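Quick note: the coordinates plus some simple rules give every number you see, no bench work behind them. Small disclaimer: the values here were computed from a predicted structure and weren't measured. Every residue, glycine as well, gets a Cβ built from its backbone with ideal geometry; the counts of neighbours run over all protein chains shown.
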Ligand code: CDP
């Protein structure tokens, strides 16, 4: 390590440890705008309760009651003891201290807006206050599944019950709640929206709490629009609506609900000193690591919370830190680096709440999820990259892409605030004060104005709302977005020439999947290839399954590619979707064995995520459940047809050997898949074409490709099995990335006849746009 100095105005320079000889100086801001100082919140721990997963369905009969009333791993006395212990801590939360006042407001008004500093106890306490007097269920929505799961775990402990009994959660692919026993359920906003589609009046709920409303996700906005419809209809005067936000700009919500009262809960924060980097950062992960080491070396006890934009940067950072962490000088605390992002499973998530032994320092490296959704105690230092990943929709391309963008000033303040929850703290911003003041927007743009609204528009259409332009949008998405969504739905076959929802559209709207993927699954079912298509779709639903081999080690990359090809006979000629199918099939064979070590080492050897494939197995079961659920909900089918469809579906997914129609059991979470059978590749790819028709490009004589709809050039990404291959008629791709030029990722080779067959118009259109 070479010497390097980070400093802030007035601080001493330090004996340093660092990785590189590059100098970085943090400057403290001129004005320290200290918020009010309040009493110290108490440290809390995360639940270690085992989670039992129930099948996702609204039908009571479908829930398996076995084992339900067994507290998972703990007996009642233990649960009560834990809850009593936690009560002391709860009482110190600002929200708890204003309990009577909060209840009074809620009692008096149908809609209440509550604003409180992150960590003041809104999400955990307010719903609990309502539980004793609630005759129906209470729903608390969260924009992120990771928050829904961790809140439910925490609150079940505080309430003294096992997770999934009185307190539960429901997120995509996992429903840990019981329709009769659960009084309060944390659920993602997508899940609540699905319930609205089934029952527009939300009759099973007494209260809907919209948490994290300031995040302004599309789904939250949409739910708020629906809640307004319920209020206006006067059909549910007893339904209580609570909108909770961590930021002050709650006027919008209040105004939207006819000037609903706003309740401000005084925060509990300590001053946070701010430090800036004067220069622009060249390598974000490298600078982050060096700053972490700097803080570790120079600052007294206290944990670190670091914000990076995405999972890839986080995984990178964690792995480097864990290597460096072994070599730190003895007089320095050793580092325990932990990742935090939405794709982690619950065991990995709970790791961040666990205390580290004395003399060690916890360094949590997180995405935006730690900005307001998740509060971890012990954090004294925050390092903020100033960036986040957002999903952005590109109208011209008809694709949504993940973009790394600067955060807003409001977000930067929230992030900084995480350092001052228990005592005075420090924030190190990896950007200059000038950037903060002049370049960061004051507020983040709401998602609805920058994202695709295909599913929302279909939802509204299905609910009989024809005039979308004048619907009760919390924020209007703009005419262009609405029209583009309508046109995509039309292309997918979800709307007919009169703009009415078709039978296919009805089916898509109950499946909690991107509409394109729903279309693919439904066509695959018709084509009799649902098994392989569900396999592929499951793999596509897992982040970072096929890991990138380090770009600067070309030899290793070629070697891994070569080894991958030997497991992908269809994929080498047909592309990445078929490769995924082959990899997954091989994994399923290996995981059947008692000992998983062979599967693990196979994954390691080929740079696949073992955990990812395990998740894909679970998702596979869930997708199958959703399809069964879709058939059940399908009002176009007669009862005997439903039976027949369900049997057919099971045969397709499980293979001929499992053709009985016994209920699917939880055992299937470890399902080892369908028997090996030959697969009709063309039917699989044609099913995908139905959903991704606009993501196609025609091969040109010079080996380049032109996008069918626009005629723009696009190249196959080097990560694809088809990279460098010639003689391909056309490609279909699932992702579009733009770096130095336009790249298609996740590519499959398709034939021109298939395009002609799936959409006769498309080829004509592409000839026009390409100028052939
Ligand atoms: O919603 P708000 O940000 O106002 O606060 P909260 O999420 O209800 O958190 C209140 C307290 O519960 C905080 O001190 C958290 O540290 C703690 N908590 C926890 O220990 N584990 C969770 N999963 C959630 C909250």
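Counting other beta carbons within 10 Å of each Cβ, put 112, 459, 572 in order, fewest first.
Numbers: 112 25, 459 20, 572 17.
Ordered from fewest to most neighbouring Cβ atoms within 10 Å, 112, 459, 572 come out as 572, 459, 112.
Kirkwood hydrodynamic radius (Cα pairs, Å) of region 582-636? Intermediate values should be presented prior to the final figure.
Working: mean 1/r = 0.0793 Å⁻¹.
Evaluated over region 582-636, this radius sits at 12.6 Å.
Can you list the residues of region 679-716 with backbone N under 13 Å from a point 7 Å past the Cα of residue 723, pointing along Cα to Cβ?
Flagged as within label range: 715-716.
Over its Cα atoms, what ratio of radius of gyration to 2.2 N^0.38 Å does region 238-314 give?
On the way: Rg = 19.9 Å, N = 77, 2.2 N^0.38 = 11.5 Å.
Computed over Cα atoms of region 238-314, the ratio equals 1.74.
Step by step: find N for region 506-615, compute 2.2 N^0.38 Å, then divide the Cα radius of gyration by it. What's the final number? Walk me through the intermediate numbers first.
Values: Rg = 15.5 Å, N = 110, 2.2 N^0.38 = 13.1 Å.
Against the compact-globule rule of thumb, the ratio is 1.18.
Between residue 107 and residue 487, 0.36 nm times their residue separation minus their Cα-Cα distance comes to what?
On the way: separation 380, 0.36 × 380 = 136.80 nm, distance 4.45 nm.
Taking 0.36 nm per residue and subtracting the Cα distance, the gain is 132.4 nm.
Can you work out the PRE-style zone for residue 605? Point 7 Å along Cα to Cβ, and I want the residues of region 572-595 with backbone N under 20 Å.
Flagged as within label range: 572, 579-595.
Quick check on region 171-213: what are the equivalent-ellipsoid semi-axes from the Cα gyration tensor, as sqrt(5λ), descending, whole Å?
Working: eigenvalues 42, 38, 29 Å².
That gives 14, 14, 12 Å for the three semi-axes.
So, in nm, how far is label residue 356 from label residue 497 when the simple model puts each one 7 Å beyond its Cα toward the Cβ?
6.6
Quote the convex hull volume per residue of region 534-599, based on C-alpha atoms, as a whole number of Å³. All intermediate terms of the calculation are to be shown ahead of the outcome.
Numbers: hull volume 7.0 nm³, N = 66.
Per residue, the Cα convex hull of region 534-599 comes to 106 Å³.
Would you kindly state how much longer the chain becomes between residue 640 and residue 544 on full extension, computed as 0.36 nm times their sequence separation minus their alpha carbon distance, in nm to one decimal? Mind showing how you got there, number by number?
Details: separation 96, 0.36 × 96 = 34.56 nm, distance 4.14 nm.
Contour length minus Cα-Cα distance gives 30.4 nm.
What distance in nm separates the simple spin-label points at residue 739 and residue 593, each placed 7 Å from Cα in the Cβ direction?
3.5
Given the Cα-Cα distance of residue 443 and residue 203 and 0.36 nm per residue of separation, how much length would full extension add, in nm? Write down the numbers at each step before the final one.
Working: separation 240, 0.36 × 240 = 86.40 nm, distance 3.54 nm.
Length gained between residue 443 and residue 203: 82.9 nm.
Given a Förster distance of 41 angstrom, what is the FRET efficiency for residue 347 paired with residue 99, based on the Cβ-Cβ distance and rounded to 0.05?
Working: r = 33 Å, r/R0 = 0.81.
The computed FRET efficiency comes out at 0.80.
Gap in Å between the Cα centre of region 708-767 and the Cα centre of region 627-642?
35
What ranking do 694, 141 get, fewest neighbouring Cβ atoms within 10 angstrom at the top?
Working: 694 20, 141 26.
Fewest-to-most ranking of 694, 141: 694, 141.
Over the C-alpha atoms of region 715-754, what are the Rg and the largest Cα-to-Cα span, Dmax, in Å?
Looking at region 715-754, its Cα Rg and Dmax stand at 10.1, 32 Å.
For residue 570 and residue 75, what is the calculated FRET efficiency with R₀ set at 51 Å and r taken between the beta-carbons, to the nearest 0.05?
Values: r = 53 Å, r/R0 = 1.03.
Computed FRET efficiency for residue 570 and residue 75 comes out at 0.45.
Need one number for region 273-316: average projected area of the convex hull over its C-alpha atoms, nm².
Details: hull surface 15.3 nm².
Value for region 273-316: 3.8 nm².
With a ≥ b ≥ c the root eigenvalues of the C-alpha gyration tensor of region 389-530, is it rounded (a/c under 1.5), prolate (a/b larger than b/c) or oblate?
Numbers: a/c = 2.81, a/b = 2.20, b/c = 1.28.
Here region 389-530 falls in the prolate category.
May I ask you to give the average projected area over all directions of the convex hull of the Cα atoms of region 681-755, in nm² rounded to one decimal? Kindly include the intermediate steps, with their values, before the conclusion.
Values: hull surface 18.9 nm².
Mean projected area for region 681-755: 4.7 nm², to one decimal.
For region 295-393, what value does the Rg/Rh ratio take when both radii are computed over Cα atoms and Rh is the Kirkwood radius, given to two decimals? Don't jump to the answer; show the numbers that get you there.
Values: Rg = 13.5 Å, Rh = 14.0 Å.
A ratio of 0.96.
In whole percent, what relative contact order does region 100-190 give with Cα contacts below 8 Å and a gap of six or more residues?
Working: 123 pairs, mean separation 25.0, N = 91.
Relative contact order here is 28 percent.
For region 179-256, what ratio Rg/Rh do Cα atoms give with a Kirkwood hydrodynamic radius? Write out the running numbers ahead of the final one.
Numbers: Rg = 12.4 Å, Rh = 13.2 Å.
A ratio of 0.94.
Taking one equal scatterer on every alpha-carbon of region 354-470, how large is log10 of I(q)/I(0) by Debye at q = 0.17, 0.21 1/Å?
Taken in order of the listed q values, log10 I(q)/I(0) reads -0.93, -1.17.
Describe numerically, in nm with one decimal, the distance between label points set 7 Å from Cα along Cα→Cβ at residue 259 and at residue 563.
For residue 259 paired with residue 563, the spin-label model returns 6.9 nm.
Largest first, please: the extent of the C-alpha atoms of region 101-234 along each principal axis, to the nearest Å.
38, 36, 29
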